[in-house]
1. Restricting to helices (runs of 4 or more DSSP H) lying wholly in segment 129-239: which have 3 or more residues that are more than 19 Å from the chain's Cα centre (by Cα), at pLDDT below 85 and not β-branched (V, I, T)?
2. Just the residues that are touching a helix residue (DSSP H, G or I) at 6+ places or on another chain (Cβ under 8 Å) and free of Cβ contacts under 8 Å to residues at least 24 places away in the same chain, please, taken from segment 196-215.
3. Name every residue in segment 24-46 that is at pLDDT below 80 and surrounded by 18 or more Cβ atoms within 10 Å (Cβ to Cβ), in order of residue number.
4. Checking L65 against (1) modelled with pLDDT of 70 or more; (2) over 18 Å from the mean Cα position of the chain (by Cα); (3) surrounded by 13 or more Cβ atoms within 10 Å (Cβ to Cβ), which single condition isn't satisfied?
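The values are calculated or read from the model by the stated rules, or taken from the named source; none is laboratory data. As the structure is a computational prediction, the values presented were derived from the model and not from experiment. Note: ideal-geometry Cβ built from the backbone for every residue, glycine included; neighbour counts use all protein chains shown.
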Amino acid sequence: MQEYSGLLAAFIRFSTIIFLLPLFNMRQIPFMVKAGLGALLALLVSPEAVVLAEDALWPWVLLILQEFAVGLVLSFVVILVFACIYFAGQLIDVPMGFGMVSIFDPSTGMQIPVFSQFYHLLASLMLFAVDGHLWLLRALLRSYDYIPVASWVHRDAGFQVFLELGGRVFALGLQIALPIMGTLLLTDVALGIVTKAVPQINVFVLGFPIKITVGMVIVLLVLPLYIHFVAALFGQDGYLMEAFYGLMTHWGGPS
């Protein structure tokens with residue numbers, strides 16, 4: 001059993017990450033496919049075996065819990081980066097009047113705002129278009145250079161990285177949604193001026209179709225900028241890789 005302890009630890013780490021990643025947590029992907037990919041990554045890394053007492057249970061339990069925690073935290077970094085896409089979609093839905101409308105996503109089983117789903121689909125396509133999935137897999141394989149098996153992490157450094165990542169996610173979401181939000185704010189101001197000038201106009205009846213039309217036009221106009229932004233976000237030198245390697249560097253540092 002000792003000679004397989006490294007493979008077991010790697011399988012637990014990679015399986016945890018794969019089961020939680022936004023692109024692999026869909027219900028349509030079979031359980032065996034996810035587990036098989038985790039086993040394949042574990043075989044590719046093949047970390048060194050850990051010397052544990054075979055007659056004691058607690059060292060094995062601690063090893064499993066540690067690898068599960070490392071996989072959970074690393075996958076949480078990717079989830080936070082994708083969260084800026086959902087956040088931007090929510091910021092766009094509310095001023096356009098789609099805040100009360102949600103789409104059932106069969107892949108996750110949740111209700112998702114309209115533009116959050118739209119932006120997430122585009123971001124997923126761009127992730128594959130710029131080979132972001134390959135850079136992410138490479139970063140996962142290199143995680144053992146920074147956080148080897150049975151080596152604990154610096155919790156204070158990791159907490160600071162998550163604070164910075166949370167603030168950056170908020171800023172990225174605002175950057176994506178700001179052109180549409182600003183245009184809709186100007187539309188509200190224009191409707192208010194029209195209401196003051198011509199009180200007979202029912203702004204509540206005309207306001208919704210006007211704001212939806214203006215919002216859709218602006219979304220189409222800024223779509224190339226969004227695609228360029230997401231491509232830079234998921235590229236080799238993008239913020240996803242920067243956050244991923246930054247967390248691993250603060251936690252362990254290359255061996």
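1. 143-146, 155-197, 203-234
2. Selection gives I201, V203, L206, G207, I210.
3. Taking segment 24-46 as the starting set, the residues that turn out to be at pLDDT below 80 are 24-29, 45-46.
Correct list: V45 only.
4. In the conditions (1) modelled with pLDDT of 70 or more; (2) over 18 Å from the mean Cα position of the chain (by Cα); (3) surrounded by 13 or more Cβ atoms within 10 Å (Cβ to Cβ), L65 misses (3) alone.
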